[in-house]
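Please read the structure below before turning to the comments.
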Amino acid sequence: MLRAYAHHAVAFIQNMWDSLSMSKEKSSMRNDLARERTELANQRTLLAYGRTSLGLFAVAIFVFRFASTDTARILGPLSLTAALFVMLWGLWSFRSTSERVNGKPKRKGGVFRSLSILSRLMLAPRRHTDDID
């Protein structure tokens, strides 16, 4: 009789162990699915930033093409700058979220370095081809 109780106790412990291991598998699968959902949401957000940037760029082109007043001529470069800023912000947000989701260490100074290089390119003196002999 004692042997029957021991056999039932062992079977009970094995069932508990199997259910715990299945819970770990379900938990792992749940975490993987949550990571996938987050990555997909991050991609949708990047597309939204791109769509907004494209709209601002279209406004800038329209203003450059059809502007006649001084106020409208200010709106064109402002819109173009906003489009560039929105796209850079979206790329930075996408990259930082991707790194955070995938567990990569955070980089320091990436955005500031990119903006520094971009501002140097925009403010650099331009060479004219007419000056070359």
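Structural remarks
- Listed residue (Met87, Ser98, Phe62) projecting farthest to the positive dipole end of region 34-102, Cβ model: Ser98
- Where a label projected 7 Å from the Cα of Thr38 along Cα→Cβ would reach, residues of region 85-103 with amide N under 15 Å: 94-103
- Measuring r between the beta carbons of Met29 and Arg51 and using R0 = 41 Å, the FRET efficiency lands at 0.80.
Laboratory data are not the source of any read-out in this text; all were calculated from the coordinates shown. Worth saying up front: this structure is predicted, and the values here are computed from it rather than measured. Methodologically, a virtual Cβ is constructed for each residue, glycine included, from the backbone with ideal geometry; neighbour enumeration extends over all protein chains shown.
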